[in-house]
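Peer 1: Sharing a structure with you now.
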Amino acid sequence: MSSTTVPHSHDHAHDHAHDHPHGWRRWLFATNHKDIGSLYLWFSFTMLLSGGVLALLIRAELFQPGLQVVQPELFNQLTTMHGLIMVFGAIMPAFVGFANWMIPLQIGASDMAFARMNNFSFWLMPPAAILLVSSFFVPGGATAAGWTLYAPLSTQMGPGMDMAIFAVHIMGASSIMGSINIITTILNMRAPGMTLMKMPMFCWTWLITAYLLIAVMPVLAGAITMTLTDRHFGTSFFNAAGGGDPVMYQHIFWFFGHPEVYIMILPAFGIISQIVPAFARKPLFGYASMVYATASIAILSFIVWAHHMFTTGMPVTAQLFFMYATMLISVPTGVKVFNWVATMWKGSMTFETPMLFAVGFIFVFTMGGFTGLILAVTPIDIQLQDTYYVVAHFHYVLVAGSLFSLFAGFYYWGPKWTGFMYNEFRGKVHFWGSLITFNITFFPMHFLGLAGMPRRYADYPAQFTDWNVVATVGAFGFGLMQVYFLLFVVFPAIRGGKPAPAKPWEGAEGLEWTVPSPAPFHTFEEPPEFR
Amino acid sequence: MLGAAVLATSLPALATGDSQGGPAIRQLNLQAPVTKIAEDIYSLHNLMLGICLTIFVIVFGVMFYSIIAHRKSVGHKAATFHESTSVEIAWTVVPFIIVILMALPATKTVVAMKDTSSPDLTIKVTGMQWKWGYDYLKGEGEGISFLSTLATPRTQIGAPGVLPTEARTDNYLLEVDNPVVVPVNKKVRLITTANDVIHSWTIPAFGVKQDAIPGYVRDTWFKAEKTGVYRGQCVELCGKEHAFMPIVVNVVTEEEYKNWVATKKKEMAAKADDPAKVWTLDELKQRGEKVYAANCVACHQATGKGIPGAFPALEGSAVVTGPKAAQIGILLNGKNAMPAWKSTLSDTEIAAVITYTRNSWSNKAAENLVQPAEVLAARK
Amino acid sequence: MSASRSNAPYYFVPGPSRWPVLAGLSLLLTMIGASAWVNHVSWGSYVNIAGVMLTVIVMYNWFGDAISESESGKYSARIDVSYRWSMSWFIFSEVMFFAAFFGALFYARSISMPWLADIDHKLLWPDFSGQWGNAGPAGTVDAFTTMGPFPIPTINTALLLTSGVTLTISHHALRAGQRGKTAFWLFATIALGAVFIGFQAYEYIHAYHELNLKLTSGIYGSTFFMLTGFHGFHVTLGAIMLGVVWFRVMKGHFTPEQHFAFEGAAWYWHFVDVVWLGLYIVVYWM
Ligand code: HEA
Ligand code: HEA
Ligand code: CUA
Ligand SMILES: [Cu+2]
């Protein structure tokens, strides 16, 4: 996709004072996509730290066999809330924050299609977080049924479960509204001349992600609504005695759950697809096939859900169908990996921090993809299901995948947001520190899982001790790297530093680089020409 | 908190040996298979790992070559190509073929795993919070039925702030009071179900894992080809003691199996309590203390004080010191997180444990004695 | 006094607004109240109801802002397109919500029930026959009679189908600039919806009192009441939307060219209609 743009020389003479409030009103009453994007990013980083603290408590307990730090019931609450907070509080809102900041800038729109609703989507997140976190302090504590909230264990939980259910309802509403906003913005507000097939990859991946969100968030809402009525209003959806079925919950949940994991990775693919060409100084290889691959992944994601349920005991035909369908997803994902490598091939590469994180992403995500493929093979999955192998798999795709892509995106677009260059040396420290400690934390979990250590265990047979020690040490290191990121990279880059030019990256393309850094409060009020 | 963790490290004799039939120290790969299915899984995994590693090395070989050779600092100029239909088709079709090749052998194993027909022995496995129940339904040993609970004492586990007082053994958390016993080289069909929430039964060395779903039955099978003890653990989150309900299967020769069946049957006959028998207070208290230790301490604690906010105290509880009918009802049918005990404990056991709680700690209930017959009557 | 778009900006972006954050807060109250209420905490119901009322007030003001922006000509044709896209996707999300419950009905009936009745499950439920409309295998549910398609559901089908027609007549009238006719047929549509809800309420009373069919009547009762209940709730929402539109028609809003609020509410109404047809067949006939 080679595109040149005519920057719209547009000296904003007219006054926007009325639209540019200051103080707390600016944030509470925001209708500006950039402000709302920043709100999302701050919120999600806070949630990452909260979820991370829970993870460290888990790791502290698992440092040694026996019970040292928390009681098993609290341990299960920690695991559950760690999963919920990371998935719904950290990763998903962070991508929405990126969407808010970048999509209007990339397509030359003045703002999101529905600016007020956009703010509503954001301001639903803190209430949800308040419900989730405060559920720790109600009688019986937070829900301890795992982030998957499987029935009928979820029926046994105390009021914390209801708070989690309502929190997920709210977050679902937020996601649906956010997605409607994003789809409408992309479909209706592109600058003249920007056809869909000339749109930046990040917008494409978000378009498809938003579609996935609208399709599956209501299904999750349905599932947990049934849980709620089973708990309090005497229905029997998941209760065999009344003719219901606990496994039915799992089907409905995973019909949401599997597309959900792609919701957390497709925008990451988008970010990587922007960064790799910029630093290879060469256009993205196979733009069209990238779009088709993204769409195929999304479509396939609807027919693979039962690969999470091989051990529930399905008819053999169902097992085979879900195995084949799941394995098929590696084909379009492979296309993406190959396209990125081909983009680098014969480029003229430099390795600033965004590129480091992008390359790190490709390398480590692919490892997670391969372990996913191994899990897709039904007999192997039956051996490994609910062991630490699965934990290893999904942290490879979620932490080294989604989270690393978010870091990459921060380094890439951060100068546009703050107006200042981050400190390159510190960025590199953050990358290498994260990459190494990440692998120390999660690589040993493959061994633990293969050897048979079950997940969601507060205590484990002593033979598993050594790898758990390694993982715990790694986790604390990884946590420290993120504290370093906040204190030594993010804060300084906001406060000052080398002023960033409009286009800090030599090879970068796209409308977002035609506006000054930091991007002014209002951009593209009249659509730019796009050729 | 961390202090306790560090202290625990200094406890002597923590480093144990390998677990026989369970994991080895720092084990890197799947457990040694003892069934044909587990062997298939083992080789499937090797195959997958091999293919994936090969692809990985090739793809990243290319990428790192490019990273080294095509960097700006060595003066490489960027090419401008950005698509190639033939290459793109190739790297869509070739992975597709690879995936099919992977799926073929897997398909055979899936079909074999599902074939539970004509077993020599059928055992029903019931998952409960937090123990396993086994009923031998068909084949030699028919009628045998027992519960299987964690044998590792709490004194080896410890608790936050309370260091373990006993050294851990090789089978820490992998040992039970009553293991399943099966004959070698016989096809054993397992029928799984559960009483409360979903549990999952697994023996890694057999390549078997099957969820136990309340109200539903599922089946699976294995045919162990080597005698020995094999160990697994509940692998579906089932509440607070999820980590403490292991599974042990003892694979023995046919001879030994016959003997075991004989003794087990005798034992069961001797143990069967007559619910009509009238007990004295002391007899019931003694029996009740054992029942309490095996079933209730995990939540209500040895002190009877429970865990505030999570599990109610029995000491001074209105139910325990009030009319006995209410307590019998709760024990039989459960309430919220309290499981229903009617299918796991006998009338005598329920009567005994109620009597025990009514006369222990500072409890001095007015109705302080419950006879098995009363429980039997309440079941109706 | 209808909108003229001639001086509308390229794409109107509203200025800061207090409504979104207040709506978020109201929902927080609503949910805290709901969590407490379902757990029988005394203040739960009050907080929940207060939250819902606040949400409604906020929404009223918010939509009021949007309507006056629209009426003062700030919305260009492009914004109209945005509304079309967003309403379509919103309805798609509703379709998926209902899909979850239809899926549950399908699964429970066609997969779980035969399982529970098969030979292996005789071990647990020796007497379960597996006829749809049963009360589950455990026998813990009181006997009940299932709900057939006659007469109420069929009458209701006729009502909803008719309301689709009246709504279309009203739309044509609006496009022809006949305000009086528009208002009349729109009102007829709302009235038909109200009658539908009345019948539905009557049906529920009938179910509870004469058929002993309750929300707690096993999986049959669960799916029956949750599906029809959520549908009834959506009919109510649709009727409120149409009510607002009717009010605006009476106030002289909308032009023959620009009246998306009308169309959006109409789309929603037709969606609710189609869901009913699905229910009518799957829940009452099959
Ligand atoms: C970002 C999130 C994410 C992503 C992208 C994925 C991607 C994949 N996942 Fe993963 N998964 C999770 C998040 C994710 N997963 C989570 C959170 C869970 C656990 C949930 C829970 O239980 O709590 C889970 C669990 C999970 C399971 C269930 C395990 C179990 O509980 O027993 C399975 C089984 O099939 C699976 C498979 C896959 C596959 C096949 C992919 C594929 O998409 C991967 C495709 C990628 C590649 C294969 C690599 C690149 C390809 C090439 C280089 C091409 C050449 C390759 C070949 C032709 C072989 N995943
Ligand atoms: C979505 C993204 C996501 C992310 C980013 C993470 C991040 C991490 N996860 Fe998470 N994890 C999940 C999603 C995620 N996880 C899910 C879905 C589950 C399944 C839940 C379930 O089973 O239901 C799970 C489960 C899970 C388990 C298994 C628990 C169990 O089975 O009982 C473990 C165990 O080690 C773990 C560890 C970690 C660690 C160490 C990190 C680290 O990367 C975290 C790093 C961040 C920090 C550490 C915070 C920063 C530091 C501070 C705020 C200051 C304090 C720091 C120091 C003093 C050092 N996770
Ligand atoms: Cu039983 Cu986990
Ligand atoms: Cu999946």
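The values are calculated or read from the model by the stated rules, or taken from the named source; none is laboratory data. If you're wondering where the values come from, they're calculated on a predicted model, not measured in any experiment. No Cβ is skipped: glycine too gets one built from the backbone with ideal geometry, and neighbour counts run over all protein chains shown. All accessible areas refer to the heavy atoms of the entire protein, side chains included, with ligands and DNA or RNA removed. Shrake-Rupley method; radii C 1.70, N 1.55, O 1.52, S 1.80 Å.
Peer 1: Enter the Cα centre distance for the pair region A:302-322 and region A:379-409, rounded to the nearest angstrom.
Peer 2: Spelled out, the Cα-based centre of one part sits 20 Å from the other.
Peer 1: Taking region A:341-437, how much of its Cα-Cα pair set, in percent, is spaced more than 16 angstrom apart?
Peer 2: 62 percent
Peer 1: What does the accessible area per residue of region B:224-380 come to in Å², with a 1.4 Å probe and no ligands, DNA or RNA counted?
Peer 2: Heavy-atom accessible area per residue stands at 47 Å².
Peer 1: Here's a follow-up. Against the globular-protein guess of 2.2 N^0.38 Å, express the Cα radius of gyration of chain B as a ratio, rounded to two decimals.
Peer 2: 1.31
Peer 1: Please report the spacing between the Cα centers of region B:160-199 and region A:219-244 in Å, no decimals.
Peer 2: A separation of 32 Å, based on Cα centres.
Peer 1: Give the long-range amide H neighbours of B:Val370: residues separated by 5 or more places, or on another chain, with amide H under 5 Å away, using H modelled in the peptide plane at 1.01 Å from N.
Peer 2: HN-HN under 5 Å from B:Val370: B:Thr355.
Peer 1: Now a separate question. Sequence-distant or interchain residues sharing an amide H contact under 5 Å with B:Ala159, placed H: which?
Peer 2: Residues meeting the amide H criterion: A:Leu67.
Peer 1: Let me ask something else. Quick one: buried accessible area between A and C, total over both chains, 1.4 angstrom probe, nearest 100 Å²?
Peer 2: Buried area between the two chains comes out at roughly 5300 Å².
Peer 1: Which percent, to the nearest 5, of DSSP beta bridges fully inside the protein assembly as shown are antiparallel?
Peer 2: 75 percent
Peer 1: Same structure, new question: Which percent of Cα pairs goes in each bin when the distances of region C:1-75 are cut into 5 angstrom slices starting at zero?
Peer 2: 3, 17, 17, 15, 12, 10, 9, 7, 5, 4, 1, 0
Peer 1: Additional query: Among A:Ala142, C:Asn61, A:Val469, whose Cα sits farthest toward the positive end of the charge dipole of the protein assembly as shown (+1 at Cβ of Lys/Arg, -1 at Cβ of Asp/Glu, about the Cα centre)?
Peer 2: Of the candidates, C:Asn61 comes out farthest on the positive side.
Peer 1: Then there is this: Starting from the exponent 0.38 and prefactor 2.2 Å, build the expected Rg for chain A from its residue count and divide its actual Cα Rg by it.
Peer 2: After normalising by residue count via 2.2 N^0.38 Å, the value is 0.95.
Peer 1: At a threshold of 8 angstrom on Cα-Cα distance, excluding pairs fewer than six apart, so keeping six or more, what relative contact order does region C:1-75 reach in percent?
Peer 2: Relative contact order of region C:1-75: 44 percent.
Peer 1: If you place +1 on the Cβ of every Lys and Arg, -1 on the Cβ of every Asp and Glu, and leave all else neutral, what size is the dipole of the protein assembly as shown about its Cα centre, to the nearest 20 Debye?
Peer 2: So the dipole magnitude of the protein assembly as shown works out to roughly 1320 debye.
Peer 1: Work out the mean other chain Cβ neighbour count within 10 Å for the residues of B:26-33 and drop it here as an integer.
Peer 2: Partner Cβ neighbours, averaged per residue: 5.
Peer 1: Taking the Cα centre of chain A as the origin, how large is its charge dipole in debye, to the nearest 20, when only Lys and Arg (+1) and Asp and Glu (-1) carry charge on their Cβ atoms?
Peer 2: 760 debye
Peer 1: Count the DSSP beta bridges whose two residues both fall in chain B, then state the antiparallel fraction as a percent rounded to the nearest 5.
Peer 2: In chain B, DSSP labels about 70 percent of beta bridges as antiparallel.
Peer 1: Give me the percent relative contact order of region B:91-202, please, defined on Cα pairs under 8 angstrom at least 6 residues apart.
Peer 2: It comes to 30 percent, rounded to a whole number.
Peer 1: Then there is this: How large is the accessible surface per residue of chain A, computed with a 1.4 Å probe and reported in Å² as a whole number?
Peer 2: It amounts to 26 Å² per residue over chain A.
Peer 1: So for the protein assembly as shown, taking the charge dipole from beta-carbon charges (+1 Lys/Arg, -1 Asp/Glu), which of C:Phe260, B:Val87, B:Gly17 sits furthest toward the positive end?
Peer 2: After comparing all options, I get B:Val87.
Peer 1: Within region A:237-389, what whole-number % of the accessible surface is contributed by carbon and sulfur, with the 1.4 Å probe and all protein chains included in the calculation?
Peer 2: Whole-percent figure for carbon plus sulfur exposure: 79.
Peer 1: Report, to the nearest 10°, how far helix B:254-271 tilts away from the longest principal axis of the Cα atoms in chain B, using its own Cα long axis and a range of 0 to 90°.
Peer 2: Helix B:254-271 sits roughly 30 degrees off the main axis of chain B.
Peer 1: Another one. Counting only heavy atoms of protein chains, what accessible area per residue, in Å², does region C:1-75 have with a probe of 1.4 Å?
Peer 2: I get 52 Å² per residue for region C:1-75.
Peer 1: Next question, about the same structure. Considering only Cα-Cα distances, which of the following residue pairs are longer than 21 Å: B:Lys271/B:Lys305; A:Lys346/B:Lys72; A:Lys503/B:Lys72; B:Lys131/B:Lys335; B:Lys187/B:Lys226?
Peer 2: B:Lys271/B:Lys305
Peer 1: Additional query: Jot down the radius of gyration and Dmax of region C:77-285, Cα atoms only, both in angstrom.
Peer 2: 20.8, 70
Peer 1: Output the 0 to 90 degree angle, nearest 10, between the alpha-carbon long axis of helix A:115-134 and the longest principal axis computed from the alpha carbons of chain A.
Peer 2: Value to nearest ten degrees: 30.
Peer 1: Counting only protein heavy atoms and rolling a 1.4 Å probe, how much accessible area do A and B lose on contact, total for both sides, in Å² to 100?
Peer 2: 8800 Å²
Peer 1: Rolling a 1.4 angstrom probe over the protein chains, ignoring ligands and nucleic acids, what is the accessible area of A:Asp162 in square angstrom, nearest 10?
Peer 2: 0 Å²
Peer 1: State, in angstrom, two size descriptors of the protein assembly as shown derived from its alpha carbons: Rg to one decimal place and Dmax to the nearest whole number.
Peer 2: Using the Cα atoms of the protein assembly as shown, the pair Rg, Dmax is 31.7, 99 Å.
Peer 1: Another question, if that's okay. Can you give the angle from 0 to 90° between the axis of helix A:424-451 and the longest principal axis of chain A, with both taken from C-alpha atoms, to the nearest 10?
Peer 2: 20 degrees
Peer 1: Continuing with the same structure: Magnitude of the Cβ-charge dipole of region B:45-162, K/R +1 and D/E -1, about the Cα centre, nearest 20 debye?
Peer 2: 560 debye
Peer 1: Between B:Ala302 and A:His232, how many nm apart are label points set 7 Å from Cα along the C-beta direction?
Peer 2: The answer from the label model is 4.1 nm.
Peer 1: Mind pulling the per residue volume of the convex hull built on the Cα atoms of region C:37-78? Å³ is fine.
Peer 2: Dividing the Cα hull volume of region C:37-78 by its residue count gives 60 Å³.
Peer 1: Counting alpha carbon pairs within less than 8 Å and at least 6 residues apart, what relative contact order, in whole percent, applies to region B:249-380?
Peer 2: 29 percent
Peer 1: Here's a follow-up. Rounded to the nearest Å, what's the spacing between the alpha carbon centres of region C:223-286 and region A:74-141? Just the number, please.
Peer 2: 30 Å
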